[in-house]
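Report on the structure given below.
Derivation of every value follows stated rules applied to the coordinates shown; laboratory data play no part. Computed from a predicted model, the values in this text were never measured in an experiment. Cβ: placed from backbone, ideal geometry, glycine included. Neighbour counts: every protein chain shown.
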There are 2 protein chains.
Amino acid sequence: MAEDLRDKLGAQHLPLRDQVLAALRTAIIDGDYLPGERLTEDRLAEDFGVSRNPVREALRVAEAEGFVVILPRRGAVVASPSSGTIADMFAVRERLEALAARLAAERATAADVASLRALLEQGREATQRQDLARVAELNSTLHLRILQISGNPWLSSIAKSLYLHVQWVFRLGAAERAPHSWAEHIQLVDAIESGDGDRAERAALDHLDAASAAAFENAEGGYGTR
Amino acid sequence: MAEDLRDKLGAQHLPLRDQVLAALRTAIIDGDYLPGERLTEDRLAEDFGVSRNPVREALRVAEAEGFVVILPRRGAVVASPSSGTIADMFAVRERLEALAARLAAERATAADVASLRALLEQGREATQRQDLARVAELNSTLHLRILQISGNPWLSSIAKSLYLHVQWVFRLGAAERAPHSWAEHIQLVDAIESGDGDRAERAALDHLDAASAAAFENAEGGYGTR
DNA sequence: TGATTGTTCTTCGTATACACTTTGTCCCGA
DNA sequence: TCGGGACAAAGTGTATACGAAGAACAATCA
């Protein structure tokens with residue numbers, strides 16, 4: 001299946017370590033590997049059907065990204081986002097996404113705005129259909145798209161990784177807080193379209209505040225094993 | 001604190017890959033490996049006197065941190081910070097360090113402030129002695145210390161990595177812009193000591209603006225080979 | 001001159017080996 | 001019964017070797 005495609009395309013041979021890393025990330029975010037769970041190299045190698053080397057390389061990067069903690073000579077365990085660090089994450093994310101919104105407002109082309117509006121529309125439909133998984137996915141896509149429009153690669157990559165962690169926390173908690181999000185999203189896109197950086201920044205902050213509050217409600221329940 | 005525990009558990013045998021990573025980072029920052037330079041695994045392994053495996057793992061992390069670019073099947077080259085990304089870096093750093101300054105102001109203990117003051121004093125002396133290397137080092141230490149005082153590990157680690165990159169750009173450019181920095185630093189520490197978050201944030205922004213301007217002057221000359 | 005073909009260098013993945021730590025277990029003695 | 005220490009097992013850290021495949025570069029030929 002995929003192999004034929006990859007071979008045919010030849011040039012973009014995705015190294016195994018990257019595939020392993022991606023698989024590991026999503027496995028952790030999806031909760032297949034729970035916080036505190038021990039990840040031995042052999043086991044991961046077997047799970048992904050590769051040898052230890054690609055696994056090790058993926059683990060190092062996953063550590064740098066904060067998804068796992070590596071204890072010297074004891075191996076890797078899935079990191080446990082404590083409720084302390086959730087607040088910290090949102091504090092940073094707030095600043096970063098506010099900046100992204102401002103930059104996006106200042107730089108967005110008509111096409112950019114159109115793509116955002118399209119996402120908004122799809123989000124509205126999915127919400128109507130009660131398709132929560134799709135809503136969550138569109139939510140991600142929208143935020144990531146804004147980061148991309150900001151045109152600042154540093155901002156984009158940092159905020160993206162932070163964003164993945166937020167998703168992780170959300171999944172570990174339960175609900176996805178679908179309903180109120182989208183009204184704020186519309187405000188945000190409106191602001192970006194207006195080209196008014198201050199306004200966009202304010203809209204992003206409002207949205208993030210609400211998201212942060214919701215995250216904390218989720219967090220109350222506690223997640224993750226020790 | 002936690003450190004004693006770690007030592008007690010005997011985990012102070014820092015893995016080769018970490019040593020390699022640290023050495024690689026400093027080699028790149030110090031300009032021993034210039035932007036665009038090709039880094040073959042064998043060569044690095046030989047340079048550091050280790051086998052290829054630790055080198056590979058270090059390279060992946062260095063890639064994640066943005067110090068090298070890895071082209072599939074072609075290996076690693078030292079990344080080239082273009083003048084576009086310098087502006088981007090400062091835009092992000094400004095937000096992050098402003099937040100750090102605010103948090104530091106809100107959370108700093110008397111001991112924290114004392115340690116900052118001590119650094120300031122050492123900086124003054126070093127400046128007087130024209131010991132530029134030491135001044136640059138103290139500059140880093142001060143900023144890193146403020147990040148640490150902010151007590152937000154995400155903020156701290158992200159800003160730290162960004163900070164390393166800024167240092168890198170500075171070294172590649174020439175001068176270290178020693179003189180005016182310290183007056184701003186004093187303002188910043190004063191603000192932190194006052195406990196006034198707004199004021200601390202403003203001081204950080206002022207400082208960063210100046211630093212950014214200086215960086216751009218340096219950048220004019222151009223750096224990095226292709 | 002220009003395209004094609006080899007050759008070589010290097011990375012990528014695999015496999016293997018072994019030292020060393022940590023951990024867990026079991027047995028012994030108090 | 002409870003500790004403590006010897007012992008075994010598991011797993012990481014590191015080195016090494018090898019085959020496959022891609023990329024770059026030089027040589028060859030039309």
- Item | Cβ-derived FRET efficiency at R0 22 Å, A:GLN128 paired with A:ASP196, nearest 0.05 | 0.15
- Taking a ≥ b ≥ c as the square roots of the eigenvalues of the Cα gyration tensor, with a/c under 1.5 meaning rounded and otherwise prolate when a/b exceeds b/c and oblate if not, chain A is prolate
- Provide the gained length on full extension for the span B:ILE186 to B:ASP18, in nm with one decimal, where the gain is 0.36 nm per separating residue minus the Cα-Cα distance. 57.0 nm
- What is the distance, in nm, between label points placed 7 Å from the Cα along the Cα-to-Cβ direction at B:THR141 and at B:SER51? 3.9
- Message: Quick check: the distance between the Cα centres of segment A:79-148 and segment B:11-82, to the nearest angstrom?
- Response: 34
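Relative contact order for segment B:80-169: what is it in percent, counting Cα pairs under 8 Å that are at least 6 residues apart?
43
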- Item | Rounded tilt (10° steps) of B:153-172 against the dominant C-alpha axis of chain B | 70
- Task: Partner chain Cβ atoms within 10 Å, averaged over the residues of A:87-94 - can you pull that number for me?
- Result: 5
- Per-residue average of other protein chain Cβ atoms inside 10 Å, peptide A:73-82 -> 1
- Using a 10 Å cut-off on Cβ atoms, rank the peptides A:104-111, A:89-96, A:31-38 from the highest mean neighbour count down. A:89-96, A:104-111, A:31-38
- Averaged over A:145-157, number of beta-carbon atoms from partner chains that fall within 10 Å: 3
- Task: Would you be so kind as to identify which of B:LEU188, B:TRP154, B:VAL20 lies farthest towards the positive end of the dipole of chain B, taking Lys and Arg as +1 and Asp and Glu as -1 on Cβ and the Cα centre as origin?
- Result: B:VAL20
- Query: What nm distance separates the two modelled labels at A:LEU71 and B:LEU205, each placed 7 Å from Cα along Cα→Cβ?
  - Reply: 4.4
- Expected 222 nm ellipticity per residue - DSSP helices of 4 or more, -39500 (n - 2.57), all of the protein assembly as shown, to 500: -24500 deg cm²/dmol
- Item | Cα long-axis angle, helix B:197-220 against chain B (0 to 90 degrees, to the nearest 10) | 50
